[in-house]
Amino acid sequence: MKKHRLALIGYGGMAGWHHENIREKIPAIEVTGAFDVREEANQKARDRGLTVYPSVAALLADDSLDIVTIATPNDFHRQLAIDCLRAGKHVVCEKPVTLNAGELEDIMAVARETGKLFSVHQNRRWDRDFLIVKKAIRDGLIGTPYFVESRVQGSRGAMHGWRGHKQNGGGMLLDWGVHLIDQAMQLFPEKVVSVNAHLFSLYGSEVDDNIKLLLRFESGVSVQLEMATNCFILQPRWHLSGTGGTMVVEDWSCKGKIVKLKAEGEMTWEDDIVYTEAGPTRTMAPRPRHTTQEEPLPAVKADWTEYYQNIVNVLEHGAELLVKPEEALRVMKVIDALFASQEAGVGLKVDI
Ligand code: NAD
């Protein structure tokens with residue numbers, strides 16, 4: 001079987017993941033080469049058995065290469081992707097694909113012109129917590145969802161290295177925001193009609209580092225996204241409110257539950273005012289336990305390398321590309337609108 005030969009441009013942290021996981025799990029692709037601007041990174045690539053090219057031009061001149069994965073800081077993605085496509089390579093680009101929608105449109109024009117595959121490594125579409133949420137929604141386990149909270153919280157005060165610089169496309173919205181927005185838009189494949197960004201810069205003035213976002217979709221469902229690096233009391237990774245129940249995924253280990261009304265489910269208690277610590281209240285009194293039921297989260301299979309298996313299936317069998325440039329373009333348009341919302345200090349109507 002002919003193997004697809006792949007080279008990496010940028011051989012830093014994430015490139016190591018691509019290299020190892022393709023080698024272990026995707027037999028149809030062979031990672032053969034790399035280029036990095038840092039000699040230390042090039043030496044690491046050599047030590048791991050890769051051919052290191054003296055320049056991007058030299059890498060692109062190697063006709064034996066079929067695919068290039070771009071894993072540099074974000075500000076280099078646009079030009080590198082265009083150069084790779086023009087050199088006749090298929091291209092996988094790390095997220096965020098570009099710094100804005102306009103840059104991605106430039107790449108997409110060249111991809112159309114050359115007929116080469118272009119895709120973005122939105123690997124978090126294969127996160128277990130996300131797949132659980134997606135399945136629960138598709139299977140109607142909480143009825144119709146109307147408010148979804150998705151958050152990642154830490155307390156280590158990032159942004160690290162180039163992620164702290166605007167010129168490099170740093171900042172939390174472009175770093176983690178692009179993942180969580182992509183996931184939200186996968187859950188609700190419909191128009192985004194309004195966005196509201198609250199971007200905070202706690203560790204410097206150059207880029208956003210702690211952010212809260214609100215997206216409203218055409219059907220009326222709203223999604224709140226949060227990415228924090230200054231949070232010392234963590235909230236659940238996911239909290240979903242649906243017409244038929246509530247669902248929580250606590251953390252990356254995917255502990256959690258669904259709580260919904262019992263099947264026969266009517267209110268079977270005296271609808272009286274109850275005296276609670278909240279004072280006398282009917283509305284906020286606890287619901288008697290016998291009227292609800294608890295269910296486990298659905299089981300799913302999750303593996304990031306399915307992304308590359310799909311790339312192989314597209315190249316070999318004409319399968320449908322799972323992460324399409326058009327989807328990435330909608331995500332980048334939402335990000336552009338979120339930056340505009342932050343600038344304006346208000347929520348904005350959009351049609352994306
Ligand atoms: P990194 O700093 O660890 O690695 C980047 C590498 O690119 C460095 O070795 C640097 O020397 C090299 N580089 C810089 N400019 C270059 C150029 N012009 N040509 C060639 N090499 C160049 O950063 P990272 O964490 O590996 O991030 C790289 C990309 O991967 C970013 O776009 C980032 O957003 C993305 N990323 C994605 C995920 C994910 O889960 N999908 C996770 C981490 C990073």
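The single condition among (1) among the basic types (Lys, Arg); (2) within 12 Å of the ligand (Cβ to nearest atom); (3) touching a residue at least 60 places away in the same chain (Cβ under 8 Å) that Arg38 does not meet is (3). Answer yes or no as to whether Gly204 is closer than 19 Å to Val152 by Cα, of a type outside the set (A, V, I, L, M) and touching a helix residue (DSSP H, G or I) at 6+ places or on another chain (Cβ under 8 Å). So Gly204 does not fit the description; no. Asp351 falls short on exactly one of the conditions (1) of a type outside the set (Gly, Ala, Ser); (2) part of a helix (DSSP H, G or I); (3) out of contact with any Ser or Thr (no Cβ under 8 Å at 6 or more places or on another chain), and that condition is (2). Scanning segment 309-337 for residues that are open to solvent by less than 40 Å² (accessible area, probe 1.4 Å) and within 16 Å of the chain's Cα centre (by Cα) yields Val323, Pro325, Ala328, Leu329, Val331, Met332, Val334, Ile335.
Residue-wise test of (1) within 18 Å of the chain's Cα centre (by Cα); (2) touching a residue at least 40 places away in the same chain (Cβ under 8 Å).
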| position | (1), (2) |
| --- | --- |
| Arg124 | yes, yes |
| Tyr146 | no, yes |
| Gly154 | yes, yes |
| His160 | no, no |
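The criterion of at least 3 residues that are within 12 Å of the ligand (Cβ to nearest atom) and either open to solvent by less than 20 Å² (accessible area, probe 1.4 Å) or under 23 Å from Glu320 (Cα atoms) (or both) is met by the following helices (runs of 4 or more DSSP H) wholly inside segment 59-169: 77-86. Identify, please: which residue in segment 1-15 is more than 6 Å from the ligand (Cβ to nearest atom) and part of a loop (DSSP other than H, G, I, E, B) and is, among those, least open to solvent (accessible area, probe 1.4 Å)? Ranking the candidates gives Lys3 first.
The values are calculated or read from the model by the stated rules, or taken from the named source; none is laboratory data. Because the structure is predicted, anything quoted here is derived from the model rather than measured. Quick reminder, even Gly has a Cβ in these numbers, built from the backbone with ideal geometry, and neighbours come from all protein chains shown. Remember, those area values only see protein heavy atoms, side chains included, never the ligands or the DNA or RNA. Shrake-Rupley method; radii C 1.70, N 1.55, O 1.52, S 1.80 Å.
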